[in-house]
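A short worksheet on the structure shown next.
The values are calculated or read from the model by the stated rules, or taken from the named source; none is laboratory data. Source: prediction; values computed, not measured. As a convention, Cβ positions derive from the backbone with ideal geometry for all residues, glycine included, and neighbour counts pool all protein chains shown.
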Amino acid sequence: MTEGPSPEGPPERTQDVPAQTADTAADADTSADAPADRDASADRDASADRDASADRDASADRDASADADVSAETDASVGHGESPGPSGASESEEAADPEETTVTGPLVGTAPDAAPVRKGWRVKYPLVARTVAWTVTGLSLALVFLALLLPTKLTLVEPSAFLRIPVEGIFGATLLLMLPTVARRVVAVLAGAALGALTILNLLDIGFNEFLGRGFNVVLDWILLDDAESYLKDSVGETAATIAVIGVVVLAVALLVLMALAVLRVSNVMARNTAVATRTTLVLGTVWVMCAALGVQVAGAPFASRSTTALVQDRAERVRKTLRDEREFAKVAAVDTYGDTPGDQLLTGLRGKDMMITFIESYGRSAIEDPAIAPGVDKTLKNATKRLNKAGFASKSGWLTSATYGGSSWLGHSTFLTGLWIDNQNRYRTVTAGDHMSITRAFQRTGAWRTVGIMPGVQKAWPEGKFYGLDHVYDSRELGYKGPKFSWSTMPDQYALKAFQRLEHGKKRDKPLMSEIILTSSHQPWAPIPKTIPWSQVGDGSVYKAIQKAGKKPADVFTDPNKVKTEYGRSIQYSVNSLIDYVLKYGNKNTVLVFLGDHQPLARVSGDNASRDVPVAIVAHDKAVLDRISHWGWDDGLMPGAKAPVWKMSSFRDRFLDAYGPNPGGGTAPASPSASSKATSPKATSPKATSPKATSPSPSAKR
């Protein structure tokens with residue numbers, strides 16, 4: 001028997017068929033009837049399939065209508081067997097891109113009366129589904145909008161800052177509308193992640209502006225995050241600090257993920273509503289151009305915003321300047337006015353004197369001039385001046401403009417001691433890795449002094465001590481303190497000074513002593529604050545346990561704008577009193593004290609537009625010591641007046657070495673600040689320090 005026709009098509013026609021037998025003819029008749037039967041059966045099957053397909057299509061249309069408003073990531077089509085796209089897009093979204101939609105019929109052998117697909121919650125509760133969809137879309141738009149307009153200073157974060165049209169959003173929407181589906185999703189996710197990263201940097205800017213008075217440097221400042229963690233541990237305890245760090249990490253990851261999902265969500269909604277999205281984008285673009293041309297402003301800021309673009313450009317420029325500055329500063333640091341001066345020609349005017357160079361943490365101009373702080377501090381300084389005068393000491397004071405603000409004390413220390421403007425970590429690493437001479441090293445080079453450092457704030461190895469020319473450094477581990485910490489400060493200033501007396505100053509020596517002393521009790525958060533006690537009761541510091549326990553809590557002080565100023569002022573009073581008390585009790589006719597602040601306190605205390613000025617004073621029993629600086633024009637006493645000279649901190653080294661050299665006022669060094677300090681004045685990172693008043697080399701420079 002011959003084979004029937006293939007199910008894939010009609011039988012082929014044949015020609016010249018030979019005569020057949022009866023049986024063969026009968027078979028042929030049967031074979032000829034088979035295609036007709038199968039055609040009829042196929043017609044019935046096709047009709048049944050069309051009916052079933054129509055039912056499924058109708059069901060799919062109802063489901064798609066309910067789901068289209070919910071999400072671009074809805075369930076796959078029920079009737080056509082479609083699979084979700086790479087991002088889980090809904091059937092309705094795929095319909096917007098018909099060239100990517102693949103429709104297949106039911107599988108061969110599948111029963112036409114297969115069990116119905118189970119309906120999701122979106123179909124059961126369409127009102128709830130629509131509400132959720134609108135809410136998610138609205139939150140996504142708000143998140144993107146806030147990220148594009150977020151300021152970089154806390155004081156600027158107010159409702160009016162967000163009443164603007166960001167041009168970056170208009171360009172982004174235009175690009176997403178032009179892209180095909182897959183490319184659109186990829187670009188949306190990448191753009192969202194980039195916007196999330198930019199938001200993280202903006203939040204870091206807010207923190208750095210609040211504490212350090214400058215923005216976050218993406219090249220140099222990552223190391224400071226470790227210092228911030230250490231500060232938190234010292235201030236609020238290890239457990240609270242760990243929780244805070246975990247919270248910050250979670251927030252950073254959440255910003256990256258949520259921002260990417262938000263942009264993707266908005267792009268999917270735009271793709272499903274192309275006409276509306278296009279018209280809206282055109283209208284917003286037109287409004288932006290008109291407002292930009294007319295200079296329309298809201299609360300002093302342009303209504304047509306391009307702040308995100310400006311921020312990105314600014315960050316890129318700062319990166320270029322940072323990399324260029326590193327190369328240029330290395331050349332500047334290699335030039336040293338006093339680098340080759342023989343030891344016997346250095347500091348001849350101070351031979352035989354016990355020198356104390358002391359930094360008081362966060363002791364800034366605001367402590368003396370801010371109405372909320374000054375009364376107590378000014379009274380302390382005036383009383384201290386009287387007490388010194390009564391004991392036969394005299395003093396003069398002026399102002400220095402610090403290279404740092406609100407923190408990073410080591411930058412202020414190194415700027416003062418080296419005569420170089422060191423306002424970032426790269427410069428600090430560069431100078432401490434070289435052999436540029438500091439004031440302390442000048443004392444060591446003479447061979448006429450023993451040089452030591454009292455560093456209660458140093459809690460681990462400090463190799464910089466060798467660079468500074470210190471014969472020995474006493475860090476917090478070597479001072480013998482057995483009492484409690486006072487927030488960040490490892491020990492009270494009075495104890496640190498008493499340890500200095502016990503370990504060095506009170507011992508018999510064959511030559512005078514030059515000491516660099518860092519006092520830390522006035523370090524933020526300014527709670528709890530130690531109390532002055534009789535020197536005989538200081539002991540090993542155990543006596544401070546009760547004082548620390550009775551003190552105020554950091555959280556109660558640091559978050560209150562009024563209390564924080566009050567407690568800051570009290571901490572400065574304590575540090576100044578501890579230092580002057582020490583000089584009066586343990587000093588003698590050969591004692592010379594130079595003390596100053598390292599930087600202003602953070603903006604919460606000093607104010608948003610505060611200068612970077614800090615007080616500096618020289619105290620001596622020998623009148624000849626102060627006579628050598630009479631041409632500086634400094635004010636008498638410990639409290640400089642408003643019109644006292646203001647110098648860059650980097651100019652002090654050369655002035656000091658010149659004044660106390662063999663030919664003061666025109667000998668070894670030039671009368672003006674060193675060339676190195678002029679060449680390293682930054683314009684971008686220290687605007688206050690580069691004003692004409694702050695940079696003037698003249699001793700008569702006035703504020």
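Worth a mention:
- Checked against the criterion of being out of contact with any Ser or Thr (no Cβ under 6 Å at 6 or more places or on another chain) and either of a type in the set (D, E, K, R) or part of a loop (DSSP other than H, G, I, E, B) (or both), the candidates 220, 203 yield just one match: 220.
- Checking 438, 408, 397, 402 one by one, the residue that is polar (S, T, N, Q) and under 12 Å from residue 467 (Cβ atoms) is 438 and no other.
- Given (1) among the basic types (Lys, Arg); (2) out of contact with any Ser or Thr (no Cβ under 7 Å at 6 or more places or on another chain); (3) within 24 Å of residue 646 (Cα to Cα), number of the condition residue 365 does not satisfy: (2)
- Test result for residue 214, part of a helix (DSSP H, G or I) and surrounded by 17 or more Cβ atoms within 10 Å (Cβ to Cβ): no
- Top-ranked residue in the stretch 174-200 [being part of a helix (DSSP H, G or I) and not aliphatic (A, V, I, L, M); ranked as nearest to the chain's Cα centre (by Cα)]: 199
- Counting residues in the stretch 484-499 that are over 27 Å from residue 600 (Cα atoms), touching a residue at least 40 places away in the same chain (Cβ under 8 Å) and assigned to a loop (DSSP other than H, G, I, E, B) gives zero.
- Members of the stretch 373-397 found to be closer than 19 Å to residue 597 by Cα and part of a loop (DSSP other than H, G, I, E, B), listed by number: 373
- Failed item in (1) surrounded by fewer than 16 Cβ atoms within 10 Å (Cβ to Cβ); (2) in contact with a strand residue (DSSP E or B) (Cβ under 6 Å, 6 or more places away or on another chain); (3) touching a residue at least 60 places away in the same chain (Cβ under 8 Å), with residue 545 passing the rest: (2)
- Any chance residue 190 is surrounded by 15 or more Cβ atoms within 10 Å (Cβ to Cβ), in the same structural domain as residue 257 (by TED's automatic domain parsing), at negative phi and modelled with pLDDT of 90 or more: no
- Of all the numbered requirements in (1) basic (Lys, Arg); (2) farther than 19 Å from residue 592 by Cα; (3) modelled with pLDDT of 95 or more, residue 498 misses one, and that requirement is (2).
- Against the conditions (1) touching a helix residue (DSSP H, G or I) at 6+ places or on another chain (Cβ under 6 Å); (2) on the phi > 0 side of the Ramachandran plot, residue 607 satisfies every one except (1).
- Scanning the stretch 623-635 for any residue that is under 23 Å from residue 573 (Cα atoms), surrounded by 20 or more Cβ atoms within 10 Å (Cβ to Cβ) and either more than 39 Å from the chain's Cα centre (by Cα) or modelled with pLDDT of 95 or more (or both) turns up at least one such residue.
- Residue under evaluation residue 184, criteria (1) more than 26 Å from residue 206 (Cα to Cα); (2) charged (D, E, K, R); (3) surrounded by fewer than 13 Cβ atoms within 10 Å (Cβ to Cβ), criterion not met: (3)
- Residue match in the stretch 292-308 (condition: under 29 Å from the mean Cα position of the chain (by Cα), touching a residue at least 40 places away in the same chain (Cβ under 8 Å) and in a helix (DSSP H, G or I)): yes
- Candidate set from the stretch 558-579 (those that are more than 16 Å from residue 538 (Cβ to Cβ) and aliphatic (A, V, I, L, M)); member that is surrounded by the most Cβ atoms within 10 Å (Cβ to Cβ): 572
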